[in-house]
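The values are calculated or read from the model by the stated rules, or taken from the named source; none is laboratory data. Keep in mind it's a predicted model, so treat the numbers as computed, not measured. As a convention, Cβ positions derive from the backbone with ideal geometry for all residues, glycine included, and neighbour counts pool all protein chains shown. To get the accessible areas, we keep the full protein, side chains included, count just its heavy atoms, and leave off ligands, DNA and RNA. Shrake-Rupley method; radii C 1.70, N 1.55, O 1.52, S 1.80 Å.
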Amino acid sequence: MPIDRLIFQGLRNLQALDVSPGPRINLISGANGSGKTSLLEGIHILGMGRSFRARRLTHAIAHETPSVTLHGRLAGDPPVTIGIRRQRDQSELLMKVSGERVERIASLVETLPLQLINPDAFRLLEGPPAGRREFLDWGVFHVKHDFIDAWRRFRRALKHRNALLRHGRMDDASLNVWEHELAVWGRRLDELRAEWVESFLPVFEETLEGLISMPGLRLRYSRGWDRQRDLAEVLRQGRDTDRQMGFTQQGPQRADLGIRLNKRPAVEVLSRGQQKLVVSALKLAQGRLLERTTGRTCLYLIDDLPAELDSTHRAVFCQWLERMQCQAFITSVDHEVLANLWHDTTPVAMFHVKHDADGGGVLQAIDRQTS
């Protein structure tokens, strides 16, 4: 379901806004620092409960403003609303879906599936495994109904085992209990991830081929412990070294998604533009698999699409978005760079963010094409 209304107050330098986005392509232009990325940030908070620009959500609150309030409505019968409020002087995040208060961020993630393509997305290639695990688990969460239960049980067992390892005196009886839980739910977590990767790979390969020819690129799922050994055995035999380190060294918490080109880490071989296309293929393929599996569409937030891409690959990227029939919010300094890349039958809404007299960003609709 596309977002058909956004109401933001107190978000960074953006002036209060009440806007009706288009159901498909939304182009947001404006000078650097005008607030384009802040608009994407607000949508991201609605779907993820956190900012992609700051570790603490209070940093997204406008200067000398007591709170940030974000509201979005998803088109449907009936429509679904999402509300977020964060007070500067309080630690609690107030979240509502369809008017009902929710306690878990998973409720937001499930309601508004979204993918972010921005400079931070390069971490999928050049960053630590944690970012790739998050990418992997987002996909599994949306298509495997028992994933969240298995993940929570595994994390709980891991937390207790690590606490016992750090304890001065090893409690073998308690350790046996939590190692059993860790092994049971760790194996299940691995099974769900492996099944998802098997479904994801052909979709990714097709998407990548549509963006750029790169036949030597391979993804490989690594589960986080020796493939030839059972997790329970690994945990038992690793007790002494784990106790010395103070944490569990092997298991699903160490899983990774290796991305290699001709057997070398892709990040060492690819240009910056090629890296952006690979990362984009990963993100777009996530949404395509979600739609194939569940019938639901994914929303895309694309910050500065033209950066690192030549005119040919910009056009190819936009063709993929058209083909996917999804809703996207795309920023660019100059809207002319992207305005003419769409077919006449594709609904395109155009917005411009400009500085007002006080330096705040004001969002204005500047044009709209509809089929």
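Just one residue in the set ARG227, ARG243 is in a loop (DSSP other than H, G, I, E, B), out of contact with any His (no Cβ under 8 Å at 6 or more places or on another chain), of a type in the set (D, E, K, R) and open to solvent by 50 Å² or more (accessible area, probe 1.4 Å); that residue is ARG227.
State yes or no: is VAL184 part of a helix (DSSP H, G or I) and closer than 30 Å to ARG323 by Cβ? Taking the combined requirement at face value, the residue does not satisfy it.
Screening the candidates THR69, THR81 for the property of being closer than 17 Å to ASN13 by Cβ and touching a Lys or Arg at 6+ places or on another chain (Cβ under 9 Å) yields one hit, THR69. Note down all Cβ pairs under 6 Å where the first residue falls in the stretch 343-355 and is in contact (Cβ under 8 Å) with a residue 24 or more places away in the chain and under 14 Å from GLU322 (Cα atoms), the second is open to solvent by 90 Å² or more (accessible area, probe 1.4 Å) and part of a strand (DSSP E or B), and they're at least six residues apart or on different chains. Pairs found: ALA349/ARG368. The requirement of being touching a Leu at 6+ places or on another chain (Cβ under 9 Å) and at pLDDT below 95 is not satisfied by HIS167. Go through (1) modelled with pLDDT of 95 or more; (2) touching a Lys or Arg at 6+ places or on another chain (Cβ under 7 Å); (3) assigned to a helix (DSSP H, G or I) one by one and return the number of the condition VAL197 breaks. Here VAL197 clears every test but (2). Would you check if there is a residue in the stretch 69-83 being more than 16 Å from ILE3 (Cβ to Cβ), at pLDDT below 90 and loosely packed, with under 14 Cβ neighbours inside 10 Å? Checked the stretch 69-83: no residue is more than 16 Å from ILE3 (Cβ to Cβ), at pLDDT below 90 and loosely packed, with under 14 Cβ neighbours inside 10 Å.
The condition of being closer than 30 Å to VAL337 by Cβ and either basic (Lys, Arg) or open to solvent by 50 Å² or more (accessible area, probe 1.4 Å) (or both) does not hold for SER38. Against the conditions (1) farther than 20 Å from TYR300 by Cα; (2) open to solvent by 20 Å² or more (accessible area, probe 1.4 Å), ARG161 satisfies every one except (2). Only one of the numbered conditions (1) crowded, with 16+ Cβ neighbours inside 10 Å; (2) more than 22 Å from HIS352 (Cα to Cα); (3) aliphatic (A, V, I, L, M) is violated by ALA130, and that is (1).
Restricting to the stretch 14-30, and then to whatever is in contact (Cβ under 8 Å) with a residue 12 or more places away in the chain and open to solvent by 50 Å² or more (accessible area, probe 1.4 Å), can you tell me which residue is nearest to LEU290 (Cα to Cα)? Only one residue fits best here, namely PRO23.
Within the stretch 122-153, if we keep just the residues that are small (Gly, Ala, Ser) and in contact (Cβ under 8 Å) with a residue 24 or more places away in the chain, the residue that is nearest to SER199 (Cα to Cα) turns out to be GLY139.
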